Structure formats: C-alpha cells, structure tokens
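Below is one structure, written out as structure tokens; the observations come after it.
The values are calculated or read from the model by the stated rules, or taken from the named source; none is laboratory data. This structure is a prediction, so every number in the text was calculated from the model and none was measured. Cβ placement follows ideal geometry from the backbone for every residue including glycine, while neighbour counts extend to all protein chains displayed. Just the protein is used for accessible areas: all its heavy atoms, side chains included, with ligands, DNA and RNA removed. Shrake-Rupley method; radii C 1.70, N 1.55, O 1.52, S 1.80 Å.
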Amino acid sequence: MSSGARAEEAYRLGPQDELQVKVSDLRTGTGEAYQWQAFNNSKFAIAPSGRLSLPVIGEIDASGRTTAELEGVIGKRLQEKAGLAVKPDASVQIVKFRPFYIMGSVEKPGEYEYRPDLTVLQAVSIAGGLQRLTTDALLGYTREALSAHGDVRDLTNRRLALLAQQARLDAELKDGPLVFGGELASLPKTDRIIAQETQLFESRKAALQGQIVNLNQTKDFLKEQIVSLDAKDQNTGRQIDLIRQELDRITTLVNKGLSAMPRQVEVSQTMAQLESNRLDAQIAVIRARQDVAKADRDILELKDERRTKALQEATETRVKLAETDAKLETARNLLFQAETRAPAEILANADAFSQPDFVIFRKGPNNASTRLVVGDQEAVQPGDVVRVQPRSRARTQATGQTTGTTSAPAPVNVGSR
C-alpha cells in the first residue's frame, strides 16, 4: 500500500477522540429545520471501552467507525427511539483527536496532541526535532533511563493500588468476601496495599451493618410497643363491654324511676373516656406500624446507597486503570529505548542520525498492531506510535547517502502488542 493510499483512507474513530454531534430534522407542515437541543454546545468523548454515551440514545459502539458511519447509526437510533417516520440528520465532527506518540531519536519523545494533516516530519518537529548528539549524550541516556525507571515504578504501584481498589469494590457490589487474586496475591510489595483496602472494606461493611442493627433494634422496640398497645386495646374493649352493660342496666332503672339520673351520666362519661383511650391506643398502633415500615425502607435505602456509591467508584476506577495502563505502556517503551540505545555506535556513525528511519506502529481492528516503515512525508494518524531510529550503517551505504523522502515498503502485521 502506498503512502498516498494510506493517507486517503477514511479516519476510524477511537478512544479519547472528542466529538461534536448535531442533530436536525425537517418538520412537516412548516418546512423548517429543527435543531435537537439535547446535542447543542456539547462535546462527547469516546471512552476507553470504545463506546460513546449520548443523550436520548445512551451508549453506542463508536471505536473503529468513520464519522459518516456514526452519523448513520445515530440517526437510525434516534428514529427508533423517538418513533419518527423520517430518520433525522446527524452531523458528527471531530473537535479533538486522540494523541499520537513519538519515541526514539528525537529531542522530546512522548505523547502529543494530534493535528490534522500531520506528517512524520512535522511530528518530529513537534518533538523538538531529531536528536542532536553532544559529548554528554551517554549521560543524557543514563538520566533518561533513571527517569523512565521512576515513571515505570510509580505507574506500576498506582496500577496495583487501582487493582486492589477494583477488587474491593467488586466484593462490595457482590456483597461477598474480599479476595485479592492474580498479581496482587503473588507480589510481596502489595501487602500494604491489600491491608489498606481490607481495612477500608471491613470498616465500610461494619458501618453499614451497625446502621442496619440500629434500625432493626428500633423495629423490635416498635413491635413490642405494638404488642403492648394491642393488649391495652383488648383490655379497654372488655372494660367498654362491661360499662355498656352497666349503662344499659342503669338506663332501665332510670326509666322505671328506680335510679338517679346522675348515676347514668357518670357511667356514660366513663364509657366515653374508655372509648377515647381505646382510639388513642389504636392510632398509636398505626403510627408504630408506619415507623416499622419506614425502618424497613431506611434499611433498603442504605443498601442501595452503598451499591450506587460502589458502582460509581468502580466506574471511575476502571477509567483510571485504563489511563494508567496506557501511560505505563508508554513509560515502558521509553525505558526500553533509553536502555537499548548504543551510544558508542551512534557516535561513530553520526550520519545515521541525520538520515533516520521512521517506523509507525498503528493499531487496527481487534487491537492488532501494524508496523509501517515510512518516509518523512507519511501521514500520521491519531493514536499512532512513531519511532525514529538511526539508520544502520549498511542501510546508509546501500542508499548512497541520499537525502530526502524515503520510500515506504508494504506494511507488516506484527500482531497485538
């Protein structure tokens, strides 16, 4: 495949690309185009998983698709979601590309923001240009190696901490035992990390159980209160029955003139007071039962709150873990370059630095990496890793010390990295 053909290929979206999405449709009757406000003035980033979260639609697979393909998917999903007769028009524009990486014989290797129509030569310029050899080049390589070692160590420790945190959150979500497997269990330097996460897991679990115990104790007290009130209600009911019988007897005697009216009034008042007391007890029972139901709801809300918080933390942890893995891979590549350079050979063959070889590592479908030996005018794509390496002495002699753009052999697939 030629350099020109590769440059003309449609760009495939990937994680870290930021998009601007606009949606419009033509309203029947008015002939006016309606802009969907849910998408206005918003930027959407493709997650490390390759999925894109959008209003109304939810999550869709975006990685590996062109903007045109994504526009079609968005329009179709909105048509299905809203039940529209005509598919709305979706416009997808890339506002920020995912970064590219450059390493090897440049002054400032690392991660850089991508810009459209970027060539290898421009990428080298962004990275400070080709490496300039000085008398203390070897010392510079040593410093780079030490710095890279520190970065790898720090990122490795951060990654282990995130793995331990992920294990704890998984245990909280499953409400099961906390288990640390894989490299966390095999490396002795993870003991402190495991102890911290175990302590946090136990403290959170104990706090939740303590709150639930308190609510259950409140429920037990209320249930005992209900039993007492029910007994009081039954006793009051029996008293009311007796008073009612007494009132009926006195009423009969009063009607016959055998008893005084005040006695009838006194008994009636006593009966009214008992009925009032019984009603108060019944209301108290209802309120106690309502409090029991509220305690049950509070227990469920505590559990839901804990699960929601754990889900949110788990999502954030996965994102941080993906970012750390990417940075760790870059740091290891930089360390490899710093430790495997041959300063003596480079110094003996300075021409190799003025005419370097350029290699692009480009990820394709299923994360398969393709190795492309290219010229300095080759187009760089977002996510590419550009390696600048001094040209070997045999290759320099074979090319007759020529300068300018080098030809690009066919790409070689080297599998997943």
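Quick look at the numbers
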| item | result |
| --- | --- |
| 11 Å beta-carbon shell around residue 243, net charge (K/R +1, D/E -1) | -2 |
| Largest to smallest accessible area among 297, 98 [probe 1.4 Å] | 297, 98 |
| Only Lys, Arg (+1) and Asp, Glu (-1) charged, at Cβ; the range 105-246 dipole about Cα centre in debye | 160 debye |
| Relative compactness, the range 45-162, computed as alpha-carbon Rg over 2.2 N^0.38 Å | 1.61 |
| Summed side-chain charge close to residue 96 - residues other than residue 96 whose Cβ falls under 11 Å, Lys, Arg +1, Asp, Glu -1 | 0 |
| Hydrodynamic radius (Kirkwood) for the range 236-333, which is based on Cα pairs only, to one decimal in Å | 19.9 Å |
| Length gained when the stretch residue 277-residue 154 is fully extended (0.36 nm per residue, less Cα-Cα span) | 37.0 nm |
| Protection proxy ranking, peptides 217-224, 87-94, average beta carbon neighbours within 10 Å, highest first | 87-94, 217-224 |
| Peptides ranked, highest mean first, by Cβ atoms within 10 Å: ranges 244-257, 163-176, 313-326 | 163-176, 313-326, 244-257 |
| Exposure of residue 358 as accessible area (Å², to 10), given a probe of 1.4 Å and all protein chains | 20 Å² |
| Residues residue 76 and residue 173, FRET efficiency given R0 of 41 Å [Cβ-Cβ distance, rounded to 0.05] | 0.75 |
| Approximate spin-label separation residue 85-residue 61, in nm, with each point projected 7 Å along Cα-to-Cβ | 3.3 nm |
| Two-site FRET efficiency, residue 244 against residue 224, from Cβ-Cβ distance with R₀ of 35 Å, rounded to 0.05 | 0.70 |
| Inter-site label distance for residue 256 and residue 202 at 7 Å from Cα along Cβ, in nm | 8.2 nm |
| Surrounding net charge for residue 176, when Lys and Arg each add one and Asp and Glu each subtract one, Cβ distance under 12 Å | 0 |
| For residue 32, solvent-accessible area (1.4 Å; no DNA, RNA or ligand), Å² | 120 Å² |
| Rounded Å value of the spacing that divides the Cα centres of the range 278-298 and the range 170-220 | 35 Å |
